[in-house]
Amino acid sequence: MEPRVTIIGLGVKDLKSATEFYSETLGWKTTEASNENITFIQLNGILLSLYTREKLAEDAGVSHEGSGFRGFTLAYNCRTKEEVNEVFATLKKKKVTIVKEPEEVFWGGYSGYFSDPDDNLWEVAYNPYLELDNKGNTLP
């Protein structure tokens, strides 16, 4: 099996609200494959899909109930500390929930966290050990 991720699927409470958050608040573009049942957003090399929590759980054969920390985070890496601060300034203007303000972190980087309307945690980080190409992809 090749090491690859093609889609990150998020189960959301309200598909319309979640789609508005990602497309209007964050300014990410939905794809033409999106419809009233699912939203696809092209990221750099992979897709983010938004699907109702109940339907996604049903598809996986598990209960949709659950709360608290989900055991994962999503990350958006920046090229500089200043870019991290700029992202947070924009998120604050748009009234996005800031979970943790950006700060120097133990592993040598600089990061903070925000949450989407379904409390999925997004880390916005500058990692001095992780180089990004001009499209935002990590370099080996």
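Coordinate-derived values only; no laboratory data. These figures come from a predicted structure and were not determined experimentally.
I want the antiparallel fraction of DSSP beta bridges within region 74-126, as a percent rounded to 5.
Working: 11 of 16 bridges.
The answer is about 70 percent antiparallel.
By the rule of a C-alpha distance below 20 Å, with chain neighbours fewer than 8 residues away ignored, the aspartates and glutamates paired with K55 are D14, E20, E36, E65, D116, D118, D119. Treating each Cα of the chain as an identical point scatterer and summing with the Debye formula, the log10 of I(q)/I(0) at q = 0.09, 0.20 Å⁻¹ comes to -0.30, -1.38.
Take the alpha carbon atoms of region 74-126, find their radius of gyration, then divide it by 2.2 N^0.38 Å using N residues; give the quotient. Write down the numbers at each step before the final one.
On the way: Rg = 10.3 Å, N = 53, 2.2 N^0.38 = 9.9 Å.
Taking the Cα Rg and dividing by 2.2 N^0.38 Å, one obtains 1.03.
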